[in-house]
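Read through the structure below, which is laid out as structure tokens, and then see the notes.
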Amino acid sequence: MGELKVVGKKVERVDVRSKVTGGALYAADVQLAGMLYGKIVRCYDHAHARVTSLDLSEAVKCKGVIKVLGPKDVTQKEYNASVLDMMVSADMRGVLGDIDDQSIFTDHVKHYGDAIAAVIATSEEAAERAAEKIKATYEELPVYLTADDAKQPDALQFRPEKPGNLAFQLPEMAFPNNAYAWGEVDDSFAEADIIVEDSFYVSKQKQCQMEPGSYIALYDDQKRLNCWTSTQMPKLVQKKLANLYELPMTRVKIHTTVIGGGFGARLGMVLEPETCALAMAVPGRPVKLLSPREEDWLTSPSRHPGKYWMKMGFKKDGTPVACDAKFENYKGAYYVDASGTAFTTGAWLGGMYKFDSLRYRGESYYTNQSICGAFRGYGNPQTNFVMEQMVDRGCAQLGADPIEWRKKWHKTIGDDGWCIGVPYNSCALDECLDRAAEAISWTEKRVKYKNQTGVKRRGIGVAVMNHTSGAMPMLLEHTVCDVLLHQDATATINLACSDMGQGSHTTLRQVAAETLDFPYDDIHIATGDTDAAGFDIGAHASRTLYVGGGAVKQACEDVRRQLFDRAALELEEDASNLYMEDKIIHVKGASNKSISVQTIADQGVNNFMNPETGELIGQPGQIQGYASFFPPHNAPPFGATIAEVEVDTETGEVKVIELVNAHDVGRAIHPGVVEGQLDGGAQQGLGMALTEETYFDEKGICLNNSFTDYKMFGPSDMPKMTNILVENPDPTGPFGAKGVGEAGIVPPVGATANAIFNAIGVQILEAPITPEKILKALEEKNNA
Amino acid sequence: MTSRVMRDFDLLLPESVAQAITLLATHKDKAAVLAGGTDLLVALKFDYDIDNVVSLALVPGLDVLEFDSERGLAIGAKVTIADLLKSSDVKEYYPALWQSAKVFATPQLRNTATVIGNILRASPAGDCSLAIYALGGILTLENATGRREVDLDDFWISYGVTARKDDELTISLQVPAPATGQKSAFRRMTRVTEDLSKLNAAVCLQMDGDECTGARVAMGCVGPTLIRLPKVENMLAGSVVTPELLQEISDTVASEINPIDDIRSSAEYRLKVAGVLVKRVIKLALNEGNDQ
């Protein structure tokens, strides 16, 4: 690889000007002629109830009302808003047991805020006022908030095909004994000198993306269903809507609008089915549906909370002999993503350390909480909270330094990765640990913070993580990219990859510019139209740069090959004897023989005959590049975080003093974008560790579905932070890049928990680690 | 029901105190007064009873923020939290108030929310209200029959309920001038920096050398209204503030409060930590370090 011209540079992001000036068009900004407005009526009285009567009559009479829809007035088809079923083969789909259990409006309310009806009106205000007139009566049902509640033998069954309210467990057919495992765990524990074991709780964290759900749908005069949405997955949502409304894909079009943050909250469908149901009821009229934040909170998925038990065994010399774990998550009211996270939570565990044997069981239980689904990290933050605290407890008993132990026992090149049978092909975790340790003076501080007695005590802790770039081989990984070379020798890259704000359209453009050897300004990334773009799974699993970038690179290489082939014909030279510089193709060693890309591109489009000779001037045909790209691997990113905290032992308050994040990113295509991901990830990781949780009362009423009482880390809560980018190019990534979208959130979770452990000598087993829990734990320790 | 759309209401724009009072007399409990609006505009989405909003925007004379070494600090109905932070008098003579203003909500809200609005909200978690409670304050209210003064000690009746009558306009607040040796401080605990308090405390100590001759100690988030701690005040009055006394005070606080479990914290935690907070706020007032 020669010197890189665009890759590795902090070029101007494609979206920055429109976002800071307010020019960016979000779905809420889109106005269409004749637009109507929808309001969904939700049950806020109960978390579990049957609707015994629904009176729409008063609402129908309200001013401005066009239609009022109950459960029978919309499609009766059930669906599953998740898209996991579209990412696996039909056989695997059966094995995983995904089911369709959602309906547009329900007469069996299963969570606080479940939808029971809707109004379509000429204004948002009219729709809201009419919605207030809809009267429902309910028969209250018992509320199940945890796995333990839901699995009681006499508990009401959410779905007949899921006995015991067990929505999912690792299926026997693919995972013997319902476990993701290697070795013989019970035998291995017999060899252990030290065994640590505990039961943890991981919290229901919300993505808190800035843009609440906003949608428009229109069933147009060509009988096409259009949906404007800021989805992360336009092509899968197109297919899902086609299935739900029994239309061919040619009659469903997704118009992707600017995405105001995703983090998994827009993975799969959210309110697209409901918005389309409204539009189908008023053909020819666009219907807009805007979620207030409180509603977005309840209808888009959260992180999977639940009980996470873990046991680890070590030999005296530190050898990790066995790890046994079980995650029982509180799935929420519907199936969505019941299988995915239950598996990956264990996959990240399995991918981290060289235990002689390991067994992980993952189970998802229906509960009367709002749904869980994808959230940055997809099970990894949960595992980090538990696994990394257990490792540090083990290290404390072994008398081992947590960094040295991790360096010795983490998995690396050649070891099985998060997916058994797919070995890691790159790993720079040792360098991450060394550089982070040096940056924060780890060794010095570990000594200094021993035996503190003051009211305020400092602590320093580390955590590591492995993640993935794309979900290969568990899930389909595929992106199609077309490159159109214009007659002025600029290029439009057409693909369906969404930019959620993470900067992927910028980095994809850099990959295109570098591959074509064109200036950055000569490239445009075109997205947002499912009629035009070929297949793409969507933005998830830290894949957009790795897989989307792979597709862009391959399609641009196709363009380059065509350019060189045509130049070879024009210059009467072998293509292998040509080189390109400043968009001019030269013959090696003959500086006077050359042709510009501009000439080739122009002649391809404006192809004329020489009137004297009757021959075509140049080679005819507009050049287009194409790739239908399936990545060969999943280029695992690794990362380490070291956190320093100060704990006030009189109040239990924690101040995060400093965070050092060192990540093996393969190659930073755009260092600013990578740092942005690590900064933002750390903000969510700290929140998961210390403040973020969705609370329900005993009746299942959500107590904090808004920013008033759901607390994220704000700018002034953030610690001093250093990001170290370790660039160790992955052999399969575009220019060596790995995915970084999710990595940043993961290790701050465990590192913060471990820093608190280091400061006060007690581990807090429930996330988030609040002052209330710390004070209680300190009291228990003092009383012991 | 969630909502994105504010309800219909009539916006009334009086141009004098007299006009405003007339409007309040007409609409009584069907009217709300708009000064900063940071609470009201949220409430308007859900409150079916507010048909009339009486805005003070065009009423002159309510934006007075004036310090006089004898009469003290006068705060008009339209004075914002941000205004307090711009006042060197507030910073110098009323440190508790200044400290509470500094951490109040967010910069955007501080620019809009009024000091008197915070008092009228009658929240048991109010920050500026708590600081003023410790410093002492007299509200001037006016209706068609004339003006009256109400001591803050008698103003908050229960959660969200005050001694203000529906037809009364709150004109101003007077905080007494500090005597030589007055020291005050405010401290609060929150889940994150930008948050409502989950526990807050403010003190105003009258010091004569090492001796405390009188004290007002107030706490929030430990009852349906902001409260004062008479036992603690008595322990301080006439005493030299020693580490032993501070420990005794810290141990006493729990017996004077009645906190509940809520989304921000638990009764158990508040009972455990309130004493620590009071101890720390006293030390802060006496400039003995601002941390422990």
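Readers should treat all values here as calculations from the given coordinates under stated rules, not as data from a laboratory. As the structure is a prediction and not an experimental result, all values here were calculated from the model. Glycine gets a Cβ as well: all are built from the backbone with ideal geometry, and neighbour counts include every protein chain shown.
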Original post:
Under a no-solvent Debye model with one identical scatterer per Cα of the stretch B:1-145, what's log10 I(q)/I(0) at q = 0.11, 0.14, 0.22 Å⁻¹?
Top reply: -0.45, -0.72, -1.42
Original post:
When the helices in chain A are scored as -39500 (n - 2.57) per DSSP H run of 4 or longer and the sum is shared across all residues, what 222 nm value do you end up with, to the nearest 500 deg cm²/dmol?
Top reply: -8000 deg cm²/dmol
**OP:** Starting at the first residue of the stretch B:207-219, write each ³J(HN,Hα) from the Karplus equation 6.51 cos²θ - 1.76 cosθ + 1.60 with θ = phi - 60°, in whole Hz, x for Gly and Pro.
**Re:** 10, 10, x, 7, 8, 8, 9, x, 8, 10, 10, 10, 9
Original post:
In the stretch A:131-175, what is the volume of the convex hull around the alpha carbon atoms, normalised per residue and reported in Å³?
Top reply: 142 Å³
Subject >> Shielding by partners, peptide A:120-133 (average Cβ within 10 angstrom, other chains) >> reply: 2
**OP:** Mind jotting down a quarter of the surface of the convex hull over the alpha carbons of the stretch B:65-175, in square nanometres, one decimal?
**Re:** 6.6 nm²
Subject >> Per-residue Cβ neighbour rank within 10 angstrom, fewest leading, A:111, B:27, A:467 >> reply: B:27, A:111, A:467
Original post:
Could you give me the ³J(HN,Hα) list for the stretch B:177-190, computed from phi with Karplus coefficients 6.51, -1.76, 1.60 and θ = phi - 60°, whole Hz, x at Gly and Pro?
Top reply: 5, x, 6, 4, x, 6, 10, 9, 7, 10, 8, 9, 10, 9
Original post:
Under a 5 Å amide H to amide H cut-off, with H placed in plane at 1.01 Å, what residues pair with residue A:593 once short-range neighbours are removed?
Top reply: A:587
**OP:** Please order A:297, A:182, A:409 by the number of other Cβ within 10 Å, starting at the fewest.
**Re:** A:182, A:409, A:297
**OP:** Rank these for me by crowding, A:203, B:129, going from fewest to most other beta carbons within 10 Å.
**Re:** A:203, B:129
Original post:
Can you give the mean number of other chain Cβ atoms that lie within 10 Å of the Cβ atoms in peptide B:265-273?
Top reply: 4
Subject >> More than 23 angstrom apart: percent of Cα pairs within the stretch A:47-159 >> reply: 46 percent
Original post:
How big, on average over all directions, is the shadow cast by the Cα convex hull of the stretch A:104-152, in nm²?
Top reply: 4.6 nm²
Original post:
Which of the GluC sites (Glu not before Pro) found in the stretch A:572-668 are in a DSSP loop and have at most 11 neighbouring Cβ atoms, other than their own, within 10 Å?
Top reply: A:572, A:612, A:615
Original post:
By per-residue mean of other Cβ atoms within 10 Å, what is the highest-first order of A:266-273, A:60-67?
Top reply: A:266-273, A:60-67
**OP:** Quantify how strongly other chains surround peptide B:3-12 by giving the mean number of their Cβ atoms within 10 Å of each of its Cβ atoms.
**Re:** 4
**OP:** For the stretch A:309-373, evaluate the Debye formula with one uniform point scatterer on each Cα (no solvent term) and list log10 I(q)/I(0) at q = 0.17, 0.28 Å⁻¹, rounded to two decimals.
**Re:** -0.62, -1.11
Original post:
Across every pair of different alpha-carbon atoms, what Kirkwood hydrodynamic radius in Å does the stretch A:86-224 reach?
Top reply: 21.0 Å
Original post:
Mind checking the alpha-carbon convex hull of the stretch B:10-55 and giving the volume per residue in Å³?
Top reply: 60 Å³
Original post:
Can you give the convex hull volume per residue for the Cα atoms of the stretch B:133-292, as a whole number of Å³?
Top reply: 124 Å³
Subject >> Sequence-distant residues sharing a close amide H with residue B:72 (under 5 Å, placed H) >> reply: B:177
Original post:
What list of ³J(HN,Hα) couplings, whole Hz, do you get for the stretch A:673-683 from phi and the Karplus terms 6.51, -1.76, 1.60, once you set θ to phi - 60° and write x for glycine and proline?
Top reply: 5, 5, 5, x, 5, 6, 4, x, x, 5, 4
Original post:
Percent relative contact order of chain A, based on C-alpha pairs within less than 8 angstrom and at least six residues apart?
Top reply: 15 percent
Original post:
Per 20 Å bin, what percent of the C-alpha pairs of the protein assembly as shown does each bin hold, from zero upward?
Top reply: 12, 36, 35, 14, 2, 0
Original post:
Once every DSSP H run of n ≥ 4 in chain B is given -39500 (n - 2.57) and the sum is divided by its residues, what mean residue ellipticity at 222 nm do you get, rounded to the nearest 500 deg cm²/dmol?
Top reply: -9000 deg cm²/dmol
Original post:
Amide H of residue B:162: which non-local residues (sequence gap of 5 or more, or other chain) have their own amide H closer than 5 Å, using H built in the peptide plane?
Top reply: B:157
Original post:
How high is the relative contact order of the stretch A:566-632, given as a whole-number percent (alpha carbon pairs under 8 Å, six or more residues apart)?
Top reply: 21 percent
Original post:
For chain A, with only Lys/Arg (+1) and Asp/Glu (-1) charged at the beta-carbon, what is the dipole magnitude about the Cα centre, in debye rounded to 20?
Top reply: 920 debye
Original post:
Thinking of chain B as a set of Cα atoms, what percent of all their pairs are more than 38 Å apart?
Top reply: 13 percent
**OP:** Report P(r) for the stretch A:147-276: all Cα-Cα distances, bin width 5 Å, range 0 to the bin holding the largest distance, values in whole percent.
**Re:** 2, 8, 12, 11, 10, 13, 13, 11, 8, 5, 4, 2, 1, 0, 0
Original post:
Taking all pairs of different Cα atoms in the stretch A:213-371, averaging 1/r and flipping that mean, what Kirkwood radius in angstroms comes out?
Top reply: 18.1 Å
**OP:** With springs connecting C-alpha atoms under 10 Å apart, model chain B as a Gaussian network and identify which of B:142, B:92, B:256 has the largest mean-square fluctuation.
**Re:** B:92
